[in-house]
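*Asks:* Starting off with a structure, shown below.
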Amino acid sequence: MSKLIDIFTKGDWSVSNTVLALILVQLVLAIAALVIFLILTLHKYASSSSKQGILVARRKMAKQHNLVGISLDTSAVKRKFEVGEPFNSDGLIVLANYDDDAEPETVTDYTIEAPLMSWEGTPSVAVRYGDQTAFYTIDIVAAEEERVPIGIQIDTSNVRTQFAFGESFECTGLAVYMLYNVEPYREEVFAYTIDDPTMDEAGDKEVYVRYGGYIESYLINVMAPEPVSEPEPEPLVEAEPEPEPTPEPEPQVEVLPEPTPELEPVEEGMVGALRYDRSFTARLIQSDDDVKQWYTLIKNDLLSYKKVKSRISWKRETFKVGGAGVAKLSFRGNTLCLSLALDINEIEIARYKVEDVSGNSSFADTPCLFRIKSALIAMMMANLGVEKTDRIAEDYYQPYEGTVQLINKGLIKRTVVAVQDYNSLARPVEKEAAVAADDTSAASDAKAPLIIGEVIEEDDVESGNLRYDKSFQARVIQADDQTKRYYSEIKNELLSYGKVKDRMSWKRETFKANGDVVAKINFHGNTMCLYLPLNAADYEGTTYKVEDASANKSFESTPCMFRIKNDKRLRMARELIGQVMEQRGIAHNKREPVDYYEPYRDIVSLISDGLVRRTIRSKEEEENLFSKGKTGGKDA
């Protein structure tokens, strides 16, 4: 560069200097062109990157404001749970869908409304992201019942039971089985212990077999030793006169304790008392678990003998061999009693606490009533020459059922005591408390009833028809478990929205937000119905099978009725609730679900708690009510 400057300043333009100057000038121009090219290239790249970043940012902004739905990937999610098991949604993938046809994006800031895990069913799990909601279902199944022992059973068919005086005891051939509550019901065991009987005393001996905390027994006989010499003859004595025969006791009637009678008005000035005549099966169903366990063990022991058959009548269960009664099971109060075809004079009364019921004609063939001991069963069968079989024990357990269910099955009869005028009596009955304005019913004064006369069938009372006016709460209590689950989930769904409050009246439950009714729950028969402030006509031709209830004044503000019969309808009901809340601008709040399950109670306890009213309708009222039901009227 300095050479070029010298050429210009000194003016030395020789040929060599001129060529050199040209070369240098071209080199400078080339460098300048290269620099300009680089600058332009960098500027273009920076501009392109900036535009792309702006487009990406704009697209993200567009996605944030144009969410059109969410989809769920539940392939890795646990879908089957046991009752009471904690819920979890591990492995759930939630994808957000936008309106610009871009690929769905995986999101993590979603919320889940966990279902109640208290009973069996297929509840829906609600997943919410933004203003969008999606559902998936899970299966809740009953927990597998733990296999536990319930007793032992012994088989003495191959065991020696006759021994000589002083002979060593042995039990070769004895088989001992552990009984269980679930299949397999019986397993043979060997590590049992035996209490050896005393062999130097003649007579019947009870051999006790112990295993796992349970005890069973069987009888052996130790024969008396033969006498060494003939005994001296006893001196003759005058025969004493025979005692006069004791007169036979009059036949006793088997009396079962009756529940406290319920007093029912039949017509003005007349009353009747409702009683329950429980069958043997009903008493067994409503007995406690200890009694049911004893019943199973005794019935299995009886049926383990050859040709023993059982038959259940209204008051008792009878066991026969070849037409002859050998045993009967019956109830006295809440106590299970067993009567056997044994001579009570041959039983050690002090040991077995037996009772002679031969005076009762119903037990003439089985006069020995006692507290259950299987040893006496073995003694009776041995006397009859009946052998045991290898019959596998069965579980005769029956779960508890309420009085109303047993009445419906024909296992309890309702009877009414004959009526009498009681207007002359002066003790009034307290008035019923007033209920909500839409469910009021006037209460009237009455007099204390006087119950007399024989028991007659309820249908014979022609002056009126006994009816139960059940409150909404009573209907929930006596609903099946599936309906109770629907009720609990719908109530939790409604109360999960801000400012929604509920109030339960006699006939229904009402939900309000800011003073406006947003839903009502009611029962039609055994079906739970949801009423919403929607126009039923808007859903014609859709999958939402709603009904118009606007003709009923009680539902003018919530004319859209939706019956909840299954899990699909439960999910659709939640969607309809979401539409109502969206119209009113009511958002979800973070509320933990509550289990509103109430265990089943029978009609008697509900009446005593004021949740069921007893009413009497005349035939004319019944006919009018029936005609109204045909043409449509207020809900029951």
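Read-outs: derived from the displayed coordinates by stated rules, not from any lab. Since the model is a prediction, treat every value here as computed from it, not as a measurement. With ideal geometry, Cβ positions are generated from the backbone for all residues, glycine too; neighbour counts draw on all protein chains shown.
*Asks:* May I ask which of LYS470/LYS520; LYS553/LYS590; LYS299/LYS484; LYS80/LYS520; LYS80/LYS292 have a Cα-Cα span longer than 27 Å here?
*Replies:* Details: LYS470/LYS520 17 Å; LYS553/LYS590 35 Å; LYS299/LYS484 36 Å; LYS80/LYS520 32 Å; LYS80/LYS292 33 Å.
Violating the 27 Å Cα-Cα cut-off are LYS553/LYS590; LYS299/LYS484; LYS80/LYS520; LYS80/LYS292.
*Asks:* Here is a further query. At a Förster radius of 45 Å, what calculated FRET efficiency corresponds to the Cβ-Cβ distance of ALA382 and LYS80, to the nearest 0.05?
*Replies:* So, using R0 = 45 Å, E works out to roughly 0.30.
*Asks:* Suppose each label sits 7 Å from its Cα in the direction of the beta carbon; what would the ALA364-ASN66 distance come out to in nanometres?
*Replies:* Going by the 7 Å Cα→Cβ label model, 9.6 nm.
*Asks:* What FRET efficiency, computed as 1/(1 + (r/R0)^6) with R0 = 51 Å and r the Cβ-Cβ distance, is obtained for ASP204 and GLU144, rounded to the nearest 0.05?
*Replies:* Taking R0 as 51 Å, the efficiency between ASP204 and GLU144 is 0.70.
*Asks:* Sort 311-319, 161-169 by packing, meaning the average of other beta carbons within 10 Å per residue, with the highest value first.
*Replies:* Details: 311-319: 16.0, 161-169: 12.7.
Top of the packing list down: 311-319, 161-169.
*Asks:* When the chain is fully extended, how far beyond the present Cα-Cα distance does ILE93 get from THR193, taking 0.36 nm per residue of separation? Please list the in-between numbers first.
*Replies:* Values: separation 100, 0.36 × 100 = 36.00 nm, distance 6.03 nm.
Value of the extension gain: 30.0 nm.
*Asks:* Run the numbers for TYR397 and ALA224: contour at 0.36 nm per residue of separation, minus the present Cα-Cα distance, in nm.
*Replies:* 57.8 nm
*Asks:* Then there is this: Can you tell me the length gained on complete extension of the stretch TYR45 to GLN579, counting 0.36 nm per residue apart and subtracting the Cα distance?
*Replies:* So the extension gain works out to 187.2 nm.
*Asks:* For PHE135 and TYR600, what does the FRET efficiency come to when R0 = 35 Å and r is the distance between their Cβ atoms, rounded to the nearest 0.05?
*Replies:* My answer for the efficiency is 0.75.
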